[in-house]
Amino acid sequence: MQIRRLTYFDYPKLKKLISYLCTDENDKLAKSLMEEPVGFVNAMLPLEMKFKSESFILVDQGEILGLITTAKTPGNPYKINITRLIFKENLYDVAKQLVEFVIHKFGGKGATSFSVTIDECHDELFDLFINGCGFRQCASEVLWKIERPIPEKTDLKWRYAQQSDAGAISQLYNAELINIYKPSLIRHEKEFQENLFCGFNDYYKTRYVIEEDKTVLGYFSITTSDNLNYILDVTTNSGYDFDYDSIINTMLCEIARKRRAFYPLVKQKTYTKNSEKFENYLKLKGYLPIQTQQILVKDFYKPVKQESANWNVFLLGENQIG
């Protein structure tokens, strides 16, 4: 068995591995493989300068048995996200080898923490990462679907976030974290800045701020990877009473300016001080909770717990980090 970087020439064999996925997923993967010349340049760069996600495959006798994709956290190259894990059914050890490979590879380059976001229904996946690979359960996020969105104009005073706002945004975000989550989820100023190679990202994000007397009291963002599904994320100062209707409608209007048809999903961060209040608002609006995502974290510099001999996994698709 050999683990190596995915290349354009692997596509025919990879199609066989991902044949169970939908056509849209195949098309997305094909597109990313066509960018492999750029990916080759990315692979040669040190960790702090990488600008694209990277995929690795486990090959046995010319057959691809599994694939893993990683992406550094924008603004913090030492926090690595595992965004895709695909392997043939019942080949549990293949998945474990791929996860351990990227931990050792990027840990050796200076990475200090690794994270993965998974659907809470994947019990087998929990076993793989927690018992098999030494990850720990950290926090969760809930995605709420807005059925038949009807954007309405508001009088909310907002503006597009600028690079110079990053420090104030990070202070707001970190201050709103519940204390027990801060060691793992605190974010640096650079994580709220647009990096030089943002055009090569696998997603597109627009950032906004709510400001009063030159003080940032609210921050919200719109993220999409396919120009169809949009993640709406809101962080507000818990010491103020905000009209969530105005914030959500502002984001819907922003999307509607560019797209006639779209599917908005509101992210509820359960690890923030306003989480319960925000959840009550979402329920009152009749939004539908469609997915709870668990955030699992492995701190590279901490001792690894003894592995369990009894762990199981199942066939996985893509789990994107928000």
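Distance between the pseudo-spin-label points of Lys15 and Glu100 (7 Å out from Cα toward the beta carbon): 3.4 nm. Estimated at 0.36 nm per residue, the fully extended path between Ala261 and Asn280 surpasses their Cα-Cα distance by 4.1 nm.
Between Tyr181 and Asp93, the modelled labels are 3.8 nm apart [label points 7 Å from Cα along Cα→Cβ]. In percent, rounded to a whole number, the relative contact order of the range 232-288 is 40, using alpha-carbon pairs under 8 Å and six or more apart. Based on every Cα atom in the range 137-218, Rg and the maximum pairwise Cα distance Dmax equal 15.3, 40 Å. Normalised by residue number, the volume inside the convex hull of the Cα atoms of the range 105-175 is 196 Å³ per residue. Judged by the mean number of other Cβ atoms found within 10 Å, the most tightly packed of the peptides 231-243, 153-165, 75-87 leads the ranking 75-87, 231-243, 153-165. Could you give the Stokes-Einstein D for the range 147-286 in µm² per second, using the C-alpha Kirkwood radius, 25 °C, 0.890 mPa s? So the translational diffusion coefficient is about 155 µm²/s. Start at zero, step by 10 Å, and the Cα-Cα distances of the range 25-175 spread as 8, 29, 33, 21, 8, 1, 0 percent across the bins. I want to verify the translational diffusion coefficient of the range 62-144 in µm²/s; compute it with Stokes-Einstein, Rh as the Kirkwood radius over Cα pairs, at 4 °C and 1.567 mPa s. For the chosen part, D equals 95 µm²/s. Using a simple spin-label model with pseudo-atoms 7 Å out from Cα toward Cβ, Cys121 and Ser225 lie 1.8 nm apart. Our estimate of slack between Phe40 and Ile290, defined as 0.36 nm per intervening residue step minus the Cα-Cα distance, is 86.3 nm. Between Tyr160 and Thr7, the FRET efficiency from the beta-carbon distance, with R0 = 35 Å, is close to 0.35. A Förster radius of 41 Å combined with the Cβ-Cβ distance from Glu189 to Gln61 puts the calculated FRET efficiency at roughly 0.25.
No lab work stands behind these numbers, since they all come straight from the coordinates. As the structure is a prediction and not an experimental result, all values here were calculated from the model. We place every Cβ from the backbone using ideal geometry, glycine too, and count neighbours over all the protein chains shown.
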